[in-house]
Amino acid sequence: ITSRIQDRTLLRTDAFVDGGWVGSDSGARFPVLDPGTGELLAEVPRLGRAETARAIEAARLALPGWRARTAVDRSGILRRWADLIRSHVDDIATILTAEQGKPFPEACGEVLYSAAFLDWFAEEGRRVYGDVIPSNSAAERIIVLKQSVGVVGGITPWNLPAAMITRKAAPALAAGCALVLKPAEQTPLTALALAELGLRAGVPPGVLNIVTGAAEDAPEIGRELTDNPVVRKLSFTGSTEVGRLLMRQCADGIKKVSLELGGNAAFIVFDDADPELAVEGIFSAKYRNAGQICTAANRILVQDGILERFTEALLRRTRAVRVGTGFTDGVEMGPLIDDQGLRKVQRHVADLVEHGGQVLTGGRPDERGGTFFEPTVITGLSTESLAWREETFGPVAAIRSFATEDEAITLANDSEYGLVAYLYSHNLGRIWRTAEAIETGMIAVNTGRVSGEQAPFGGIKQSGIGREGSKYGLDEWLEIKYLNLAGL
Ligand code: ADP
C-alpha cells in the first residue's frame, strides 16, 4: 500500500489523542487487513478504558477554548480540512480501498463526499441562530440560545470509513463540541489519515481524538464513552443490536444519543415504472459497496404486471457486474468486509432457498475465493425468511411480487426497521400516497440513492434516533438554553 501513496505521512498507524500520535499502555496492537487480498496493511494500537478516559480528559480540557472561538474561526478550520481532503483524495481513497475493499473510484467518491460534510457544516455552524420570544410580562423578554453539547463520543462502522467520520466530526466541531471517536476495527486507517489532515488544517489538540481498538476492545471503549460523566452525548452508527446496548448504557447517565442503525429497505417497483431505470437504481441500492450499506435494497417488491420485464433487465445487469479487487480497472464490486459478513450472506441465501426462493443467478461465493460473493438474484422472497426480517448486507437481490398498492405498503411496513424505502412509479398520486404511508425516515422516488450533506439522513422505528447532515443535523450537537430576562 505504501507504494501507491504519494504522501506517506497520511498512513498513520497510531491512535490520535490530544493532538499527538499514541500507542496503547500495554503496547498491544491489532492487524488491519485488506479484505480483497488478505494482506496485512498495518498494526494499530489496542486502546482500552484507561486510554479512552485520557482522550475524554483531553477533550474536556480542549472544550472551553474551542467553544469560545468564533463560529467563523471554526468554520475556516473545517473548510481548510475539507480542502486538504480534496487535495489528497487519491491517497485517502487508496487507504480506504485497501482496508475496506470497495472499488477505487467508489472510494474517491466517498472521500469527496466526506469533504462535503465539512464544507456544509463549516457554513451551517455560522448560522446557529437563537430566538427572542415575546413574554407574558411587559418587563420580561425570553431569549433562546443554542450552545454546544460539550464533550461528545462517536462510534462509527466500516462500510463508509471516511464519510461516517466527517458526518459526525463536522457538525460536532462546527457546533463547538470536542469529540472522542472510535472508528471500526476493520477500517481505522482512513480515520487516522483524516485526523492527520485535520491536524494540518488547525484543529486544536484534544478537539478531535481517534481511539482505535480491536473488536474485543470495543465494549471497553464503549463503556468508557457511555459511563464517563464528562461525555454528554454519544453518536453511534452501526448495527441495531449494538445501538440498543449503547442506548441502554447511556440511560444511567441520561446521556443524549443519536443512533443510525440497521435498515431493511423495501424497493417497490409499480407496474407503470420504467424497468431499466429501476434496474439502474438497484445497481446503486444493491451492488454499490457490495450491498454493505444500511440503505441497501433488502426487499425488492415488484408489481405483477412488470415482474417479468423487470426481472429480465435485472438479471442482465447483475450478470454484467464486474467483480474484483478494488484497484483493478473497471471493477464495480469488491469483496465483503470479512468472513463473518460472508457467512451471513451465505446463511441468508440458504434460508431463502429453504423458504421456496429460486436462485436465478449467483448464489455462491465467487470463484476468486476470499470474501468475494457472486452478484445474486433470487425470486420468491418469503415473508418467513431471514432476509425478510434482517438486512443481508451483501449483493443479494431478493424479489417478491405484489398485486396492489395497499399490499405493497403493508409489505413494506412489515419490518421493525424504518430507514428508507425506494419507489418507482410515474403516477404522482400513487407516489404521494405511498410515500406518506410508508414508515421510514427517507423515501427515494425513481432513484436508487438517498443521502447528501444537505439532506437529513436518518431512520424511524428501530433504525435510529436523530438525523445527520442538513440544517437538522447540527441540532443534534446543540443544547437549547432559555434565558428569562426580567426587570426591564
Ligand atoms: P457491523 O455489524 O456493521 O460491524 P457493529 O454495530 O458491530 O456493526 O459495529 C459498529 C461499530 O460499533 C464498530 O466501531 C464496532 O467496533 C463498535 N462496537 C461493536 N460492539 C460494541 C460495543 N459493545 N460497545 C461499543 N462499540 C461497539
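FYI, it's all coordinate maths here, none of it is from the lab. Model, not experiment: these values are computed from the prediction. Neighbour counts are summed over all protein chains in view; Cβ atoms, including those assigned to glycine, are modelled from backbone coordinates with ideal geometry.
Data for the structure
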item: Count of residues meeting criterion [within 27 Å of residue 336 (Cα to Cα) and in contact with a helix residue (DSSP H, G or I) (Cβ under 9 Å, 6 or more places away or on another chain)] in segment 38-55; result: 7
item: Any strands (runs of 3 or more DSSP E) falling wholly within segment 277-384 and containing at least 1 residues that are among the basic types (Lys, Arg); result: 297-303
item: Answer from 8, 67, 54, 79 - the residue that is without any contact (Cβ under 8 Å) to a residue 60 or more places away in the chain, among the basic types (Lys, Arg) and either in contact with a Ser or Thr (Cβ under 6 Å, 6 or more places away or on another chain) or more than 29 Å from residue 477 (Cβ to Cβ) (or both); result: 8
item: Pairs with Cβ under 8 Å, 6+ apart, first in segment 140-158 and closer than 16 Å to residue 222 by Cβ, second more than 16 Å from the ligand (Cβ to nearest atom) and in a loop (DSSP other than H, G, I, E, B); result: 151/177; 151/230; 152/177; 152/477
item: Residue 122, sole failed condition from (1) surrounded by 17 or more Cβ atoms within 10 Å (Cβ to Cβ); (2) assigned to a helix (DSSP H, G or I); (3) within 16 Å of the ligand (Cβ to nearest atom); result: (3)
item: Options 174, 162; residue that is touching a Lys or Arg at 6+ places or on another chain (Cβ under 8 Å) and of a type in the set (A, V, I, L, M, F, W, C); result: 174
item: Lone unmet requirement of (1) over 22 Å from residue 180 (Cβ atoms); (2) touching a strand residue (DSSP E or B) at 6+ places or on another chain (Cβ under 8 Å) for residue 119; result: (2)
item: Filter result for residue 383 (out of contact with any Phe, Trp or Tyr (no Cβ under 6 Å at 6 or more places or on another chain) and crowded, with 18+ Cβ neighbours inside 10 Å); result: no
item: Residue match in segment 152-160 (condition: touching a Cys at 6+ places or on another chain (Cβ under 7 Å), surrounded by 24 or more Cβ atoms within 10 Å (Cβ to Cβ) and not charged (D, E, K, R)); result: yes
item: Residue, nearest to the ligand (Cβ to nearest atom), within segment 228-259, restricted to residues that are in contact with a helix residue (DSSP H, G or I) (Cβ under 7 Å, 6 or more places away or on another chain) and assigned to a helix (DSSP H, G or I); result: 246
item: The listed residue being in contact with a strand residue (DSSP E or B) (Cβ under 8 Å, 6 or more places away or on another chain) and at negative phi, out of 379, 410; result: 379
item: Residue satisfying all of: in segment 13-28; crowded, with 16+ Cβ neighbours inside 10 Å and out of contact with any helix residue (DSSP H, G or I) (no Cβ under 8 Å at 6 or more places or on another chain); farthest from residue 194 (Cα to Cα) among these; result: 23
item: Residue list for segment 29-53, restricted to those being under 24 Å from residue 84 (Cα atoms) and surrounded by fewer than 20 Cβ atoms within 10 Å (Cβ to Cβ); result: 41
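Per-residue answers, yes or no, for (1) surrounded by fewer than 19 Cβ atoms within 10 Å (Cβ to Cβ); (2) closer than 22 Å to residue 420 by Cβ; (3) of a type outside the set (Phe, Trp, Tyr); (4) touching a Cys at 6+ places or on another chain (Cβ under 8 Å):
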residue: 277; (1), (2), (3), (4): yes, yes, yes, no
residue: 289; (1), (2), (3), (4): no, yes, yes, no
residue: 299; (1), (2), (3), (4): no, yes, yes, no
residue: 302; (1), (2), (3), (4): no, yes, yes, no
residue: 306; (1), (2), (3), (4): no, yes, yes, no
residue: 315; (1), (2), (3), (4): yes, no, yes, no
residue: 319; (1), (2), (3), (4): yes, no, yes, no
residue: 323; (1), (2), (3), (4): no, no, yes, no
residue: 327; (1), (2), (3), (4): yes, no, no, no
